[in-house]
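Below is one structure; the comments refer to it alone.
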Amino acid sequence: MTANPIKITDTTFRDAHQSLLATRLKTSDMEPMAAGMDAVGFHSMEVWGGATFDVATRYLAEDPWKRLRTFKRLIPNTPLAMLLRGQSLVGYRAYADDVVEDFVARAAETGIDNFRVFDALNDERNLETAARAVTRSGKHLQMTICYSLTEEGRLGGAIYNLEYFVERARRFEQMGADSICVKDMAGLMAPYDAHELFQALKAALKVPLQFHTHYTSGMASMSVLKAVEAGVDIVDACLSPLALRTSQPAVEPLVMSLAGTDRDSGLDLAKLLPLGDQLESVLPAYKEYLDTPKASVIDAKVLSHQIPGGMASNLLSQLRDADAIERLGEVLQEIPRTRKELGYPPLVTPMSQMVGTQAVSNVLFGRYEMVSEQVKHYVGGRYGRPPAALDPDVVKQVLKGEEDGRLAEDLHPTADLEPELDAAREAIKDISDDPHDVLIYALYPTTGLKFLRIKHGLEPPPVEEKLRTPDAVAPTLKTTPSPATRSRAPVPPKSPRVRTFNVFVGGEYYQVEVDPVQAGRGAAATIDELEGFADEDEAQAAADGSGPDSALVVEPGDATVVAPMPGLLLRYSVDVGQHVDAGDAVAVLEAMKMETSLPSPMAGTVKALPLASGSSVVKDDILAVISP
C-alpha cells in the first residue's frame, strides 16, 4: 500500500442502477454478488437512499428496510452508505422533525454506517435536524455540497464560484461533518475546475473530502483523475456494466490507472472482473432500461442544458405520454429560463423535478398557468433559501396575491410543520404497528399505503415486477392469425397502458405485451384492473360496458376536470354533491413526483368522481364532472 491510497466508494447497488435502470435492480439480483463485493475492500458501499426507497415500495413491492437488513447481513465488513435528502429524507417534500429523527435513528440501527446528507439548495438549515440525528446515532456524518453552474458553464460567475463552495464547505465542517462530499449530479465539473476546487477545499478543511460525479458529459474520468491529483481522499465509482452514460466512472479502469502510483487504491482487479461478469448475467432482465437508440454513451449537450440524466429521462417519458414529444426542443430551451426565474437552484432532487415539471407545464399550458404544489411551496420559502433572488413577476403569478404568505427568510423552512408520526400510526393501525411501516406511510401516504397493503397480503404484487426474471430475453411469442381473424385494419399504436407479461407454454417461455381495451374510458389501467379482467364478472362488465366507468354521463352544460398529463391521482379534494366555486381545487395529480391541484372550471356541484385514489391516469382522462 502507498502512504496515501485513494479510497473508493462503490455505487453499483444504489446510484449506478438508479442512473441507468430507473432504480429497478431487485434485491434478489444483488444478493448473489454481495459477498464478493464485500471482499473487494471498498472504502464503503452505497446501497440505500436516493430513489431506492421510493422505487422499492412503488414499483418492486419490496420492503426497503428488509433490503437494508439483507445487505447488512451479507456485507458485514464494508461500511454501508446511503444518500439522504436532508429534511426531505428519501421523499420529495420537507418532513417534520419527528419523522426525520425517527428515520435516521432506525436507518442507523438497521445497518447504515455512513450518511451522505445533502440539501438541494445547499441551505444548511435543511440539514440541521438530520445532521444532529446522525451524530446522535454515532454514525459517520458526511455533509454534501451540490455542485452547480450558471450560464458560464465553468466554475466562476456571480453565484457558483470558488468562494461559494469553500464557504459552504467550511460551514458544513463547523456543523460537525465527519467528511465533506462534492456532489456533481449532472457531470458538469470540468477536469481543471476539479483540480482548482479540490485544492482549495483541501487547504480550507481538516476533514476528508469525497467526490461524486456522473459520466453524462463525458468528463467524469478526467475530472476524477484531476481531483485525485489535487488530493481528494475518496471518489465514487461502480462496476463497469453499470458505469458511464449517466452513471459513475467505472471502477476497473480507475484501479488500473492509479496502480503503481502514489495514489494506488490497493484494490485487486482480479476480484473486480468476475463481479462485472456476474452483474452482466442479470442485466438482460432489465433490457428495456438499457436499450437506447443513442450511438454515444455520453450526452455532450448536458454542458449546455445542464439537465441530469434522470431528469432528462423523466422529461422524455412525460412528453411522450402527453403526445408532445415533438416539443422537447422547446422544453430544453425553457428549462434554463425557468431555472433562472426560480433563483438558479442546483438541478438535483427535488429541485430538478420542480424545474423540469414546471418547464414542461410552461410549454404545454402557458407560462406558470399550471404550477405544482411543490413549486408554490418553494416560491413561498418552504424549501429554503435559493442561491439567487426569485423573479418578482414569477413570485406574483405563482402565489397569486398571496405574497404575504411567504415564509420569512429568517425562519426555518419547516418551522410551521406539526409532528407527523402520530397521524401516520393512526392511519395504518388496522394494517400494521411496525414503526418501519409507519415511516413508509409517513413518507408516501398514497403509494406507501398501497405497498403496505401488498406487504400484508391485502393486495396482490405488481404483475410485471413479480414475473421479471433474467430470462426476459427469451424469444417473443409469434402467432399466425387464422383466416377468420385476419384484418386489414391498421395496427393501433401502443398506449401507456401496455404491460409486459410472461407466458409459459409447454415448457417454453415467451414475453408478450398486452394493451387492455376498456369499453368505458380511455384511462390507463392499473395493475389491479388488469388482474381483474381475469375475473369472469369483471371481464363481462368490461365487454358489455356495464362497469361503473361506463356509466359515467357528461350532459350538456356539465364541465369536466381532466388530467392535463399522465400521472397518478393522489386524492380528491371534494366529495360528490359538494358545491364548488370556479378555481376551487378538485383533485391532486402527481406527475414526475410533483403534485398539482386541478381546479374546477366553473361554479357548480360535484356530480361524479369516477376514479379511485391511487389510479394511474393518462392525458385527458376525466377525473371529475361538475354540473351547473
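The values are calculated or read from the model by the stated rules, or taken from the named source; none is laboratory data. Since we're looking at a predicted model, the values are computed, not measured. Methodologically, a virtual Cβ is constructed for each residue, glycine included, from the backbone with ideal geometry; neighbour enumeration extends over all protein chains shown. Heavy atoms of the whole protein, side chains included, go into the accessibility calculation; ligands, DNA and RNA do not. Shrake-Rupley method; radii C 1.70, N 1.55, O 1.52, S 1.80 Å.
Seen through its C-alpha gyration tensor, with square-root eigenvalues sorted a ≥ b ≥ c, region 222-334 comes out oblate because a/c lies at 1.5 or above while a/b is not bigger than b/c. Here S223 sits with roughly 0 square angstrom of accessible surface, probe radius 1.4 Å.
Summing charges over neighbours of G41, with a neighbour being any other residue whose Cβ is under 13 Å away from its Cβ, gives -2 when K and R count +1 and D and E count -1.
Between D581 and Y289, the C-beta separation translates, for a Förster distance of 30 Å, into a calculated FRET efficiency of about 0.10.
With all protein chains present and a 1.4 Å probe, how do K340, K607 order by accessible area, largest first?
Sorted by accessible area, descending: K340, K607.
Ordered from highest to lowest accessible area with the whole protein assembly present and a 1.4 Å probe, D184, D416 read as D416, D184. Ranking of V617, V562 by solvent-accessible surface, largest first: V562, V617 (1.4 Å probe, protein heavy atoms only, all chains present).
Could you sort 262-274, 143-155, 366-378, 242-254 so that the peptide with the highest average Cβ count within 10 Å comes first and the rest follow in order?
Descending mean neighbour count gives 242-254, 143-155, 366-378, 262-274.
Packing here is the average count of other Cβ atoms within 10 Å per residue, and on that basis the peptides 441-452, 82-93, highest first, run 82-93, 441-452. Among the protein heavy atoms, those of R67 account for about 10 Å² of accessible surface (1.4 Å probe, every chain in place). Rolling a 1.4 Å probe over the heavy atoms of the protein chains gives region 249-405 an accessible area of 45 Å² per residue.
Averaged over its residues, region 36-185 has an accessible area of 29 Å² per residue, based on protein heavy atoms and a 1.4 Å probe. Here the Karplus curve 6.51 cos²θ - 1.76 cosθ + 1.60, taken at θ = phi - 60°, turns the phi angles of region 4-18 into couplings of 9, x, 6, 9, 10, 9, 8, 10, 3, 7, 9, 5, 4, 7, 5 Hz, with x standing for Gly and Pro.
Got a number for carbon plus sulfur as a percent of region 1-135's accessible area, 1.4 Å probe?
48 percent
Counted by Cβ distance under 12 Å from H140, the other residues give a net charge of 0, where Lys and Arg count +1 and Asp and Glu count -1. Relative to the current alpha-carbon distance between V553 and D422, full extension at 0.36 nm per residue lengthens the span by 43.0 nm.
Take each peptide in 343-354, 318-329, count the other Cβ atoms within 10 Å of every residue, and average; sorted highest first, the result is 343-354, 318-329. Here's the picture: charge each Lys and Arg Cβ at +1 and each Asp and Glu Cβ at -1 in region 19-132, and of N114, G41, G86 the one pushed furthest to the positive end of that dipole is G41. Convex hull volume of the C-alpha atoms in region 175-283, normalised per residue: 113 Å³.
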